[in-house]
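Contents: one structure, followed by commentary.
Just so it is clear, none of the values below were taken in a lab; they were calculated from the coordinates. Just so you know, these numbers come straight off a predicted model, no measurement behind them. Using ideal geometry, Cβ is built from the backbone for each residue, glycine included, and neighbour counts are taken over all protein chains shown.
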Amino acid sequence: MVQMERPWRLAQQVDTEPTALPLTFEDLFADQHERLYRALYLIVGNTHEAEELMQDAFVKVLERWDRIDNPAGYLYRSALNSTRSRFRRLQLAATAVTSARGRVDRAIDYITTRRHGVGRTARTRAAEAETSLADAARLAVTDPEAAVTAAQRAVQLADEAYRLASSEFD
């Protein structure tokens, strides 16, 4: 028969020696920066982004140092929340680029099939829409907010090209 462990007593586990000095920000950084960096790198897969997210999390902890009870917990929660926000922005940028691609393709297809009946202005707007869409696709990973703006501009230009082409052709 398996013998059950005796319940331990809290008094037996408590160290009677005085505890270490209160944790300083420098101690927290020394203890956690490598571990946090590795965790973030595993999540984002990019050294630059992992470093940036880690630095942002440490800055948030430092700004609120006097008001937080568990600095390490706050550090990790802050880093993970920033990572989630980053992924949401990336997803929004990808959706905006995909949506813009459909609108630009529609305008270009319309202009291409009516080549001789469409004026220079409509073709120019379509080319500008393609350029803006290429910029949005390029920025989608590095600057999601700028990518969304570029994708919106591509949609505006594509819609204008389509409107101009349909009014010139019809």
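Just a few scattered comments:
- Three-way shape call for the range 111-154 based on the alpha-carbon gyration tensor, with the a/c threshold at 1.5: prolate
- Local electrostatic count, residue 55, Cβ distance below 14 Å [Lys/Arg +1, Asp/Glu -1]: -4
- Per-pair calculated FRET efficiency, R0 = 45 Å: residue 106 and residue 47 via Cβ, rounded to 0.05: 0.70
- Here's the picture: charge each Lys and Arg Cβ at +1 and each Asp and Glu Cβ at -1 in the range 128-170, and of 129, 157, 142 the one pushed furthest to the positive end of that dipole is 142.
- Report summary: the helix-based calculation at 222 nm, which adds -39500 (n - 2.57) for every DSSP H run with n ≥ 4 and divides by the residues of the chain, gives -26500 deg cm²/dmol.
- In the range 36-170, the inverse of the mean reciprocal separation of distinct Cα atoms equals 17.1 Å; this is its Kirkwood hydrodynamic radius.
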